[in-house]
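Beneath this line is the structure, given in structure tokens, with notes to follow.
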Amino acid sequence: MDEARFLLDRSVGGKLLIARLRGAGWLARTLAEEYGDERAQRMPDEEWIAEGTRAGFMLLAKDHRVATRPLEAQAIYVHDARVITFARGELTAVEMGDLCLRHERAIHRLAQVQPPFVMALSETGLRRKRLNVV
């Protein structure tokens, strides 16, 4: 993976966040753009994790608990996913964009980090989350 490409989960604010990231030069797509709106709304997390990872994306999701839920954690592990989540779930799309741009260099460097992983993004930076896999 030479240049970081991002696939945004439907929970991260869609149009506002994607516009902000693209405006800063990020290569980013929403689930709806990648798979169509109808399919994106019905995709279980395990499915979009698997498909997005196979397509070469780093995944951007709102809920850091994806690392602890067994089905999602297993999908991340099995498919060698690179996942970035937000440490606080109540953030607005504007706040998420601010955080992403504030920590842009560190986020983009994750494209070179050996997967699988889930990193939680907060004001202080990125912190690796433990995957709940057996």
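Derivation of every value follows stated rules applied to the coordinates shown; laboratory data play no part. Computed from a predicted structure; not experimentally measured. Please note: Cβ atoms are built from the backbone with ideal geometry, for glycine as well, and neighbour counts cover all protein chains shown.
Computed values, structure above
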item	result
Charge tally in the Cβ shell below 15 Å around ARG69, where Lys, Arg are +1 and Asp, Glu are -1, ARG69 excluded	-2
Where the Cα pairs of the chain fall when distances are cut into 10 Å bins, in %	13, 49, 35, 3, 0
R0 of 25 Å, Cβ-Cβ distance GLU123-ASP80: FRET efficiency to nearest 0.05	0.30
Share antiparallel - DSSP beta bridges, region 5-129, percent rounded to 5	25
Simple label model, 7 Å out from Cα along Cβ direction - ARG130 to GLN41, nm	3.9
Order of VAL83, VAL78 - criterion: other Cβ atoms within 10 Å of each residue's Cβ, fewest first	VAL78, VAL83
Cα Rg, Dmax (largest Cα-Cα span) when computed across region 6-65, Å	10.8, 30
Contour excess over end-to-end distance, with Cα ends at HIS108 and ARG22 and 0.36 nm allotted per residue	29.6 nm
